[in-house]
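What follows is a short report on a single structure.
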Amino acid sequence: MRLVIHLSLLVFSCVPAVAQEAIQYTLRFPAPHTHYLEVEASIPAAGPQVELFMAVWTPGSYLVREYARNVEAFEARAAAGAPLQWSKSRKNRWRIETGGAARVTVKYRVYAREISVQGNWVDADFAMLNGAPNFMTLVNGEKRPYEVRLELPAAWAKSISGMKRKPGEAHTYAAEDLDELLDCPIYAGSAPIHEFVVAGKPHYLVNQGEGPMWDGPASARDVKRIVEEFTRMFGSLPYDHYVFFNMIVESGGGLEHKNSTWLNASRWAYGNNAEPPAPGAAGTRAPSRHRWLNLVSHEFFHTWNVKRLRPVALGPFDYENENYTPDLWMAEGFTSYYGPLALKRAGLASQERLLTDISSAIHTLQTTPGRLVQSMEDSSFNTWIKLYRPNENSANTAISYYTKGEVIAFLLDAKIRKLTRNARSLDDAMVLAYQRYGGDRGFKPEEWRAVCSEVAGADLSAWFDKVIGTTEELDYTEALDWYGLRFLPDAARRPVETGLATRGDAGRVVVSTVRRDTQGWDAGFNVDDEIIAVNGIRVRTTDWPARLDRYKEGETVRVLVARRDELRTIEMRVERRAAPSWILAPRQDATKQQRENWRALLHER
């Protein structure tokens, strides 16, 4: 016998005083090794028809992902068990003839083998589930409450979610509305769960796949320090509990939620076998532990920036269509700035590491031709068709709002500090904007800019118009002068500049990108050209492009390539173009005031 409890008969702090009947889901995993879960939903019905829909995208990841493609074996029945007629009305909608039934039950299976943070995963060991790929709901029923009950395989002992656990019922959770349901991932399995408390609020680090290579207690202690640092910045924590879903699955990425985050990591990222710290130089790959902590810091900062302080377009959501905004440069770019900065302030990274992280963003921006083609507002608005769908020409036509947004935050922070003589900073602007616009409405572009101007004590509208709305080059002079920094001089011996990015393919050298206005571009290389020889001598993956360094400046070399299996020779002039270095370092002649300005940024006294 299945026990049915209506949320309208229970009292939860999250349920409105007058609640509609809940939609109740049961999730089952009869054969998890096949990557399937079964969903059963009991749905209130009113009238001769009900129409259900499934989200086509998930908040925080701005791409239509068509989750309905993984649904199969759909059926609908009345409460008494009689089958009901149904039909597809759209790619992600199901219309059911109720026959007068007060509630209908639908069942379907979902194929879940996408370990990405926007996806859905089930296997013999665990399940990590986003809401959007799994839950159908009533059209126009977004504001009713929801229940989710899990029936776990015998080998799985635990479940946890950002949703509130329903008292007295194992593995059962309640959501106030659809936004909460789709914003609260669910984990089920047997992973170690490390708990810590900050500001009286419980936090949980779920380390699926922890094993001997990952130091679980140490990683939880470091995550706690990150939480404490942002709590200091904002003054409080805006949730009852928080879950870090850390999937140690040899993958990457993170996705923010209102009181949780899904992180993917490598088993080598945190432990005695983690990579040693790398020298602080732009382009140097950060040690794996720092990369993971930076990911944690980035996603946790979203607790305020995006999940609460958000552009007006990012809520309430239209889950069936794209939600456009020109402000993702602030939403994601500023978060990318505060991720590594908070690590330094929390004592989890060095000054050199922070400079390396900022230098890396500047280097990426200044060596991407697309910065001269696409503005920040355009990059944000068109994220649905560009950022998440890159191709071999993307570097020539687009720039990431993560990258340029991070650099803009660095410059804006310095500008506010200079205008106020360190009395105010970007921290103050973030906190003030959160206090004013961190509720249900969100902020308009002009409101965010006005807050920055207010904090700076000067009108910044012209500056914003330039850095956000145009493709003009950014000016680093003011920030470097304020902090006493410089870009290190270029290396004395520069490598040959080709503008070609290549990939190895079974020992072959294959062109993957041709950057605009470079030697390779001008010479006529194409993507997918196989580079075979230079001046009649065979080239392999181990000696390209270093082979070109053997030739003199100005010399013309003959490069044999295969294009669609046809051999042809491309002539290219050897040039070592002078290019500015984007590696930040403290000036040796920095004044006492400049050094104090830098320490103020780091919160050092």
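The values are calculated or read from the model by the stated rules, or taken from the named source; none is laboratory data. Here the structure is a predicted model, which is why all the values come from computation and not from measurement. Here Cβ is always computed from backbone atoms with ideal geometry, including for glycine, and neighbour counts include all displayed protein chains.
Might you let me know whether segment 428-444 holds any residue that is more than 25 Å from the chain's Cα centre (by Cα) and under 22 Å from ARG599 (Cα atoms)?
no
Condition check: farther than 30 Å from LYS224 by Cα and either of a type in the set (A, V, I, L, M, F, W, C) or within 19 Å of the chain's Cα centre (by Cα) (or both). Does ILE362 satisfy that?
no
Counting only residues that are exposed (fewer than 15 other Cβ atoms within 10 Å of the Cβ) and closer than 26 Å to ASN393 by Cα, which one in segment 476-500 is modelled with the highest pLDDT?
PRO495
From the list TRP292, TRP262, TRP268, which residue is part of a helix (DSSP H, G or I) and either of a type in the set (A, V, I, L, M, F, W, C) or modelled with pLDDT under 95 (or both)?
TRP292
Residues that are outside the structural domain of LEU37 (by TED's automatic domain parsing), touching a Leu at 6+ places or on another chain (Cβ under 9 Å), more than 30 Å from GLU21 (Cα to Cα) and part of a helix (DSSP H, G or I): does segment 202-217 have at least one?
For segment 202-217, residues outside the structural domain of LEU37 (by TED's automatic domain parsing), touching a Leu at 6+ places or on another chain (Cβ under 9 Å), more than 30 Å from GLU21 (Cα to Cα) and part of a helix (DSSP H, G or I): present.
Is one or more of the residues making up segment 309-323 under 22 Å from MET128 (Cα atoms), modelled with pLDDT of 95 or more and either not in a loop (DSSP other than H, G, I, E, B) or not β-branched (Val, Ile, Thr) (or both)?
Yes, there is a match, as at least one residue in segment 309-323 is under 22 Å from MET128 (Cα atoms), modelled with pLDDT of 95 or more and either not in a loop (DSSP other than H, G, I, E, B) or not β-branched (Val, Ile, Thr) (or both).
Hey, any hits in segment 501-515 for a residue that's of a type in the set (Lys, Arg), under 27 Å from ARG371 (Cα atoms) and buried (at least 17 other Cβ atoms within 10 Å of the Cβ)?
So far as segment 501-515 goes, yes, one or more of its residues are of a type in the set (Lys, Arg), under 27 Å from ARG371 (Cα atoms) and buried (at least 17 other Cβ atoms within 10 Å of the Cβ).
Within segment 412-428, track down each residue that is buried (at least 19 other Cβ atoms within 10 Å of the Cβ) and farther than 24 Å from THR231 by Cβ.
Once the filter is applied, which keeps residues that are buried (at least 19 other Cβ atoms within 10 Å of the Cβ) and farther than 24 Å from THR231 by Cβ, segment 412-428 yields ALA414, LYS415.
Being out of contact with any strand residue (DSSP E or B) (no Cβ under 7 Å at 6 or more places or on another chain) and basic (Lys, Arg) narrows it down to one residue among ARG103, ARG90, ARG113; which is it?
Of the residues listed, the single one that is out of contact with any strand residue (DSSP E or B) (no Cβ under 7 Å at 6 or more places or on another chain) and basic (Lys, Arg) is ARG90.
Only residues that are exposed (fewer than 14 other Cβ atoms within 10 Å of the Cβ) and either closer than 26 Å to THR403 by Cα or of a type in the set (A, V, I, L, M) (or both): list them for segment 561-579, please.
Scanning segment 561-579 gives LEU567, ARG577, ALA578, ALA579.
Tally up the residues in segment 139-168 that are basic (Lys, Arg) and within 28 Å of the chain's Cα centre (by Cα), please.
Residues meeting the conditions: 4.
Going by the structure shown, is ASP183 out of contact with any Leu (no Cβ under 9 Å at 6 or more places or on another chain), of a type in the set (D, E, K, R), free of Cβ contacts under 8 Å to residues at least 40 places away in the same chain and in the same structural domain as VAL106 (by TED's automatic domain parsing)?
no
Taking the residues in segment 136-159 that are farther than 24 Å from ARG109 by Cβ and in contact (Cβ under 8 Å) with a residue 60 or more places away in the chain as candidates, determine which candidate is surrounded by the fewest Cβ atoms within 10 Å (Cβ to Cβ).
LYS143
Name the single residue that is farthest from ALA395 (Cα to Cα) among those in segment 356-374 being assigned to a helix (DSSP H, G or I) and hydrophobic (A, V, I, L, M, F, W, C).
Per the criteria, the residue is ILE358.
Which of the residues that make up segment 31-64 are under 23 Å from ASP123 (Cβ atoms) and surrounded by fewer than 20 Cβ atoms within 10 Å (Cβ to Cβ)?
ALA31, HIS33, THR34, HIS35, TYR36, GLU38, VAL39, GLU40, SER61, listed by residue number.
Condition first: out of contact with any Asp or Glu (no Cβ under 6 Å at 6 or more places or on another chain), over 30 Å from ARG232 (Cβ atoms), surrounded by fewer than 12 Cβ atoms within 10 Å (Cβ to Cβ) and hydroxyl-bearing (Ser, Thr, Tyr). Can you find one or more residues in segment 537-547 that meet it?
Scanning segment 537-547 turns up at least one residue that is out of contact with any Asp or Glu (no Cβ under 6 Å at 6 or more places or on another chain), over 30 Å from ARG232 (Cβ atoms), surrounded by fewer than 12 Cβ atoms within 10 Å (Cβ to Cβ) and hydroxyl-bearing (Ser, Thr, Tyr).
For segment 483-514, give me the residue count where each residue is of a type outside the set (A, V, I, L, M, F, W, C) and either closer than 30 Å to GLN593 by Cβ or assigned to a loop (DSSP other than H, G, I, E, B) (or both).
Residues flagged as of a type outside the set (A, V, I, L, M, F, W, C) and either closer than 30 Å to GLN593 by Cβ or assigned to a loop (DSSP other than H, G, I, E, B) (or both) within segment 483-514 amount to 12.
From ALA76, ALA124, ALA82, which residue is in contact with a Leu (Cβ under 8 Å, 6 or more places away or on another chain) and more than 30 Å from ASP440 (Cα to Cα)?
ALA76
Name the pairs: first residue in segment 554-574 and free of Cβ contacts under 8 Å to residues at least 60 places away in the same chain, second residue among the aromatic types (Phe, Trp, Tyr) and outside any strand (DSSP E or B), Cβ to Cβ under 9 Å, at least 6 apart or on different chains?
If the second residue must be among the aromatic types (Phe, Trp, Tyr) and outside any strand (DSSP E or B), the pairs left are VAL557/TYR551; VAL559/PHE525; VAL561/PHE525; ILE570/PHE525.
Could you please find all residues in segment 341-355 being assigned to a loop (DSSP other than H, G, I, E, B) and out of contact with any His (no Cβ under 9 Å at 6 or more places or on another chain)?
The answer is ALA346, GLY347, SER350.
Tell me, which residue of segment 67-101 that is surrounded by 13 or more Cβ atoms within 10 Å (Cβ to Cβ) and part of a loop (DSSP other than H, G, I, E, B) is farthest from the chain's Cα centre (by Cα)?
Checked segment 67-101; the qualifying residue farthest from the chain's Cα centre (by Cα) is GLY99.
Looking at PHE244, PHE230, can you tell me which residue is within 25 Å of ILE362 (Cα to Cα) and modelled with pLDDT of 95 or more?
PHE230
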